[in-house]
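For reference, the structure discussed in these notes is given below.
The values are calculated or read from the model by the stated rules, or taken from the named source; none is laboratory data. Since we're looking at a predicted model, the values are computed, not measured. Virtual Cβ from ideal backbone geometry, glycine too; neighbours counted across all protein chains shown.
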Amino acid sequence: MIAGTLRTMSVEVGEQAPDFELTDQHGTPVRLSSFRGSKNVVLVFYPLAFSGVCTGELCAMRDDFPEVSRDDVELLTVSVDSTFVLRTWSEQQGFSFGLLSDFWPHGAVASAYGVFDADRGVAVRGTFVIDKSGIVRWKVVHPIPQARDIAEYQKALASLS
């Protein structure tokens, strides 16, 4: 569920991050605004679970992104996959962070952030670092085949400390 209207342009640095509530791989509802005042959020959109580049990126976050264990950081990943697919993938890969399902309405959250490819029915690779007050402080958007660099996320988070 999205709070507000859908956007066709990407959310920009300095803007309030659109609030949403999605279900994670365990069926638990997760609301972005629930982290306000306590955690910076790294919000990562990716096309599909089990695909090669997506698996590589999320495994890199699992293995090379120690910030995920900090008390003041929440890593949320979003795809259009169903919660059932995300749970199976999470268990197979040992992901301990939230894999959120933007399944229905299909791609609504990705659309709100301006990273939904309607022709393909999936999100492009968009990442947003959102501070504790809910403001987007950093973002990067890549086309579907191009992986992102986790070191960029680390620099963005370090600048918030």
Check your understanding: Hey, Asp117 hits all of (1) surrounded by 13 or more Cβ atoms within 10 Å (Cβ to Cβ); (2) in contact (Cβ under 8 Å) with a residue 24 or more places away in the chain; (3) more than 24 Å from Glu152 (Cα to Cα) but one; which does it fall short on?
Key -> (3)
Practice item. Could you tell me whether the stretch 15-34 includes any residue that is among the β-branched types (Val, Ile, Thr), in contact (Cβ under 8 Å) with a residue 24 or more places away in the chain and within 19 Å of Ala151 (Cβ to Cβ)? Key: no
Check your understanding: Residue check: is Asp131 among the acidic types (Asp, Glu) and either under 18 Å from Asp149 (Cβ atoms) or touching an Asp or Glu at 6+ places or on another chain (Cβ under 8 Å) (or both)?
Key -> no
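For every residue, the table says whether it meets (1) at pLDDT 95 or above; (2) of a type in the set (Lys, Arg).
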{"site": "Gln93", "(1), (2)": "yes, no"}
{"site": "Leu99", "(1), (2)": "yes, no"}
{"site": "Ser111", "(1), (2)": "yes, no"}
{"site": "Phe116", "(1), (2)": "yes, no"}
{"site": "Thr127", "(1), (2)": "yes, no"}
{"site": "Val136", "(1), (2)": "yes, no"}
{"site": "Lys139", "(1), (2)": "yes, yes"}
{"site": "Tyr153", "(1), (2)": "no, no"}
{"site": "Ser159", "(1), (2)": "no, no"}
**Study point:** Filtered residues of the stretch 88-123 (kept if acidic (Asp, Glu), out of contact with any Leu (no Cβ under 8 Å at 6 or more places or on another chain) and under 29 Å from Asp71 (Cα atoms))
**Key:** Glu91
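With the requirement that a residue be of a type in the set (A, V, I, L, M) and touching a Phe, Trp or Tyr at 6+ places or on another chain (Cβ under 7 Å), what does the stretch 125-161 give you? Working first, answer last.
So in the stretch 125-161, the residues of a type in the set (A, V, I, L, M) come out as 129-130, 135-136, 140-141, 144, 147, 150-151, 156-158, 160.
Within the stretch 125-161, Val129, Val136, Ile150, Ala156 qualify.
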Check your understanding: Restricted to the stretch 101-144, and to residues that are in a strand (DSSP E or B) and charged (D, E, K, R), which residue is farthest from Ser79 (Cα to Cα)?
Key -> Arg137
Practice item. Please determine, by comparing only the residues of the stretch 1-42 that are of a type in the set (Gly, Ala, Ser) and closer than 23 Å to Ser159 by Cα, which one is modelled with the lowest pLDDT. Key: Ser10
Exercise for review: Could you pull out the residue among Glu57, Glu74 that is under 21 Å from Asp117 (Cα atoms), in contact (Cβ under 8 Å) with a residue 12 or more places away in the chain, crowded, with 17+ Cβ neighbours inside 10 Å and of a type in the set (D, E, K, R)?
Suggested key: Glu57
Revision key, fill the gap. Being surrounded by fewer than 20 Cβ atoms within 10 Å (Cβ to Cβ) and within 16 Å of Gln25 (Cα to Cα) narrows Phe45, Phe50 down to just Phe50
Point to revise | Members of the stretch 120-155 that are touching a residue at least 60 places away in the same chain (Cβ under 8 Å) and of a type in the set (Gly, Ala, Ser) | key: Ala123, Gly126, Ser133, Gly134, Ala147
